[in-house]
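This report concerns only the one structure given below.
The values are calculated or read from the model by the stated rules, or taken from the named source; none is laboratory data. This one's a predicted model, so the numbers in the text were calculated from it and none came from an experiment. No Cβ is skipped: glycine too gets one built from the backbone with ideal geometry, and neighbour counts run over all protein chains shown.
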Amino acid sequence: MGDDDARSQALSASPDPVVARTPVLLILDTDGAMCSRTEDGEGNLQSRIEQINAGLQEFKTALCDDFETASRTDIAVVTFGGDVTIEHGFTNVNHWDPPTLSAGGTIPMVEALCESAHHLEEYQKELQAAHVPYRPAFVWLAAGGPPTDAVSERWETAKEIVNAGTRNEEFWFYTSSIERENEIDALAELQSVASNHGKARPLRSERGDIRSYFAVAAEAVRRQINGYTASDRVRRESADVADDVQDF
């Protein structure tokens, strides 16, 4: 499916043509280290990329099991592993086919943030042009290691993207240091920038396996969207995303 067809489908897939959309943007690390194997949540050895792929399938199932969430969620996936790739442009989650990802390369996190921000901005413009209401996006950056392209000037650009997006209420910003006991410094720094505007959450999993992070992320999406639904407002000063989505 071409990008234009995917965008048209995303704008028309909801059962209610004027339902307010919540763009959900997953920015996922698929660097070479994701080829290594580790235990999944059931004690089986699987490569990290296999667990990410399984997590994407479970992420879709969890969102589609809730009608209110599914009807309002438009999802896109951006990966960074050597290259930055838009694996899937925004489309309603009911019509989203989770991609099968492969791993390789370095961790161009800064480039991924820049490309993701541009993709989100273009989609929001399309929603505006089509007179479709939308709410602040859910942006989740999940990484297994520090960025390899965080030179000083580019890193400042990345921080400004997060700062401007959360300050202007264009998106909520979530991060996960998957399979690491300690927070990745770069993610912690981005999280701190977003926290200045009250639009940030770390997503953590007590189980620690990669697949469980997708369950935590799906619950965070559901809570964010249901919070908006209850208030029936497209824009608002804050969102009541419960703190317990941070620890499952």
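Worth a mention:
- Tallying residues that are part of a helix (DSSP H, G or I), at pLDDT 65 or above and exposed (fewer than 13 other Cβ atoms within 10 Å of the Cβ) within the range 190-248 yields 1.
- Remark: pairs (first residue in the range 139-150, within 11 Å of V110 (Cβ to Cβ) and surrounded by fewer than 22 Cβ atoms within 10 Å (Cβ to Cβ); second residue of a type in the set (S, T, Y) and at pLDDT 95 or above; Cβ separation under 7 Å; 6+ apart in sequence or on different chains) = T148/T106.
- Any hit, the range 147-168, residues being charged (D, E, K, R), touching a Gly at 6+ places or on another chain (Cβ under 8 Å) and part of a loop (DSSP other than H, G, I, E, B): no
- Filtered residue count, the range 95-124, keeping only those that are under 24 Å from A54 (Cβ atoms) and among the aliphatic types (A, V, I, L, M): 5
- Among the conditions (1) aliphatic (A, V, I, L, M); (2) buried (at least 20 other Cβ atoms within 10 Å of the Cβ); (3) touching a strand residue (DSSP E or B) at 6+ places or on another chain (Cβ under 9 Å), A158 misses just one, which is (3).
- Tally, over the range 32-58, of residues that are in contact with a helix residue (DSSP H, G or I) (Cβ under 7 Å, 6 or more places away or on another chain) and among the basic types (K, R): 1
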